[in-house]
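Enquirer: This structure is in structure tokens; I'll ask about it shortly.
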Amino acid sequence: MTETLPQYTSGAHTAMSREEAMSILDRLVSHLRNQTTDMAPEQLKVPISDYLDQDLWEREIREIFHAIPLPVGTSAELANVGDFKTMRVVGKEIILVRGKDGVMRAMLNVCRHRAMKLLPDGCGSARRFTCGYHSWTYDTDGKLTGVPGEDTFGEVNKEDYSLVQLPCEERAGFIFIGLTPGRDLGIDAWLGEALPHLEALELDKCTHFTTKTLPGPNWKVTLDGYLEGYHFSSLHAKTVALTNHTNRMTLDSYGPHVRNVFALKTLDAMMEKPRDEWDPAEAMGLVYWVFPGMAIAGGLRERTVISIMLPGDSWGESMTWQTTLLRTAPQTPEEFLEAEKTADWFFAAFRDEDYTAQTDVQNGLASLADKHMTIGRNEIAVQHAHETIRRLLAHEPVHGPR
């Protein structure tokens, strides 16, 4: 794959103080000089059966994905009243819609008459939703407003037949939902110390450019690939490795969430300049990971790519929605093409390299079913994610000492 690389230095944004950014840059410089990276105290051995066990996967769905806030999109995708998005999230049909009051809502995309899927997958804008089976109609708040032929069907208490509401909150330009109706989302506590960092990105002020979908393998197999830079030179030799150093990163954790910062190759020349001339935006590959499945890449730049990865309907499936946000909407054909290159470059790298490799990993798991996966000391964020999974399944706190 030889697509034009995205421009990393375009439109730097102040997503953190210069003092904090320089502190991270100092850590990266030290790693480059010493040929090191942030590391865990020891390796982590994960039984391969943990990836293969159907009963364990079902527990993960019940006790993690039905219990915690799930990122499902960006506010910029649904900026206006009536904007909606339908998607299948961990086996549930969902409608996201911005209501007449400007509030984002999440509802089951299922008609209350015969449980038919109300709307096809996609995006649009509407004042009402009408089921294609018997034309029961709902407003954007989910309230049933019309039942054709009610005189022959029988009286319907419309309040009792509204669409099923799901917990839904917006924070820092992201939409979070819960898959258990009536359960408090607790989004501020869940995001914890990560929330101010996400808010500093100011992605709620961005313009939506594209969202693309990408099917993938098992969610934990896919998750492992997002969280380390150890594979850059081998798997991404003609893409990511051209701009990023391999195996050179810092990690900061915020409860279950992490911030990975990868050393860009522009740092090499920058190190030769006086420190007060360093520009962190030109040398840091900033990626926030919000558990269980959202990577936010490029928050210091004009174009930010958000990848949301969640389990699919079965053990061996996941689905990723990859969104490109722009700080400024394209004003010229050239600016549009640059944004398009970034979106296409990221999507192609994930599809043709990461997800292809992870599918091969999944295909190999059964051959080593009685063995274990060794997560290296340098794969510290991968270890962090697996420890978070363990804690959630053990019903232990995830916001505390590790």
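Enquirer: With axes computed from alpha carbons, what is the tilt in degrees of helix 380-393 against the longest principal axis of the chain, rounded to the nearest 10 within 0 to 90?
Expert: Approximately 40 degrees, to the nearest ten.
Enquirer: If I take the Cα coordinates of the stretch 278-352 and project them onto the principal axes, what are the three extents in Å, biggest first?
Expert: Over the stretch 278-352, Cα extents along the principal axes are 43, 31, 21 Å.
Enquirer: Then there's this: Return the sequence-ordered ³J(HN,Hα) values of the stretch 128-140 in whole Hz as given by the Karplus equation 6.51 cos²θ - 1.76 cosθ + 1.60 applied to θ = phi - 60°, using x for Gly and Pro.
Expert: 7, 10, 10, 6, x, 7, 10, 6, 5, 10, 10, 8, 6
Enquirer: Relative to the Cα centre, what is the charge dipole magnitude of the chain, using +1 at the beta carbon of each Lys and Arg, -1 at the beta carbon of each Asp and Glu, and rounding to the nearest 20 debye?
Expert: On the way: 40 positive and 57 negative charges, 49 e Å.
Charge dipole, the chain, about its Cα centre: 240 debye, nearest 20.
Enquirer: Quote the Stokes-Einstein diffusion coefficient, in whole µm² s⁻¹, for the stretch 260-402, based on the Kirkwood radius over alpha carbon pairs, a temperature of 25 °C and a viscosity of 0.890 mPa s.
Expert: Working: Rh = 18.4 Å.
In µm²/s, the coefficient rounds to 134.
Enquirer: So who's got an amide H within less than 5 Å of the one on T246, skipping anything under 5 residues away but keeping other chains? H placed 1.01 Å off N, in plane.
Expert: none
Enquirer: With everything on Cα atoms, drop me the angle between helix 333-349 and the longest principal axis of the chain, reported from 0 to 90° to the nearest 10.
Expert: 80 degrees
Enquirer: With no solvent and one point on each alpha carbon, what is the Debye value of log10 I(q)/I(0) for the chain at q = 0.09, 0.13 Å⁻¹?
Expert: Rounded to two decimals, the profile gives -0.57, -1.14.
Enquirer: Please give, to one decimal in nm, the separation of the simple spin-label points placed at D53 and E277, each 7 Å out from Cα toward the Cβ.
Expert: About 5.7 nm, to one decimal.
Enquirer: Can you give the three extents of the C-alpha atoms in the stretch 76-184 along their principal axes, from longest to shortest, in whole Å?
Expert: 48, 26, 23
Enquirer: Shifting gears a bit: Take the Cα of A189, step 7 Å along the line toward its Cβ, and report every residue of the stretch 54-72 whose backbone nitrogen sits under 15 Å from that point.
Expert: Zone members listed by number: 67-69.
Enquirer: Points 7 angstrom from Cα along the Cβ direction at D370 and E202: gap in nanometres?
Expert: Placing both labels 7 Å beyond Cα along the Cβ direction yields 5.9 nm.
Enquirer: Relative contact order of the stretch 76-184, please, whole-number percent, based on alpha carbon pairs below 8 angstrom and at least 6 residues apart.
Expert: On the way: 217 pairs, mean separation 23.4, N = 109.
Relative contact order comes out at 22 percent.
Enquirer: Across the stretch 257-269, in residue order, what do the Karplus-derived ³J(HN,Hα) couplings come to in whole Hz, using 6.51 cos²θ - 1.76 cosθ + 1.60 with θ = phi - 60° and x for Gly and Pro?
Expert: 9, 9, 10, 9, 10, 9, 7, 7, 6, 5, 5, 4, 6
Enquirer: Could you work out how far the C-alpha centroid of the stretch 36-77 sits from that of the stretch 186-241, in angstrom?
Expert: If we compute the Cα centre of each part, the gap is 14 Å.
Enquirer: Under 5 Å between amide hydrogens, which residues at least 5 positions from M294 or on another chain qualify, with H placed 1.01 Å from N in the peptide plane?
Expert: M309
Enquirer: Straight distance only, please: which lysines reach the Cα of K371 with their own Cα at less than 29 Å, same-chain residues fewer than 8 apart left out?
Expert: K45, K220
Enquirer: Next question, about the same structure. Distance check, please: which entries in K205/K265; K85/K143; K117/K143; K238/K341; K85/K212; K212/K265 exceed 20 angstrom between their Cα atoms?
Expert: Numbers: K205/K265 29 Å; K85/K143 17 Å; K117/K143 16 Å; K238/K341 16 Å; K85/K212 13 Å; K212/K265 28 Å.
With Cα atoms farther than 20 Å apart: K205/K265; K212/K265.
Enquirer: Moving on to the next point. Taking square-rooted eigenvalues a ≥ b ≥ c of the alpha carbon gyration tensor, is the stretch 193-299 rounded, prolate or oblate, where a/c under 1.5 means rounded and, failing that, a/b exceeding b/c means prolate?
Expert: Details: a/c = 1.66, a/b = 1.23, b/c = 1.35.
Taking the square roots of the gyration eigenvalues as a ≥ b ≥ c, the stretch 193-299 is oblate.
Enquirer: Same structure, new question: Mind checking which aspartates and glutamates have their C-alpha under 14 Å from K273, skipping anything on the same chain fewer than 8 residues away?
Expert: D26, E282
Enquirer: How far is helix 18-34 tilted, in degrees, relative to the longest principal axis of the Cα atoms in the chain, given as a value from 0 to 90 rounded to the nearest 10?
Expert: So the helix axis and the longest Cα principal axis differ by about 50 degrees.
The numbers here are math on the coordinates, done by the rules we state, and not lab data. Fair warning: this is a prediction, and the values are worked out from it, not measured in the lab. Positions of Cβ are backbone-derived with ideal geometry, glycine not excepted, and every protein chain shown enters the neighbour counts.
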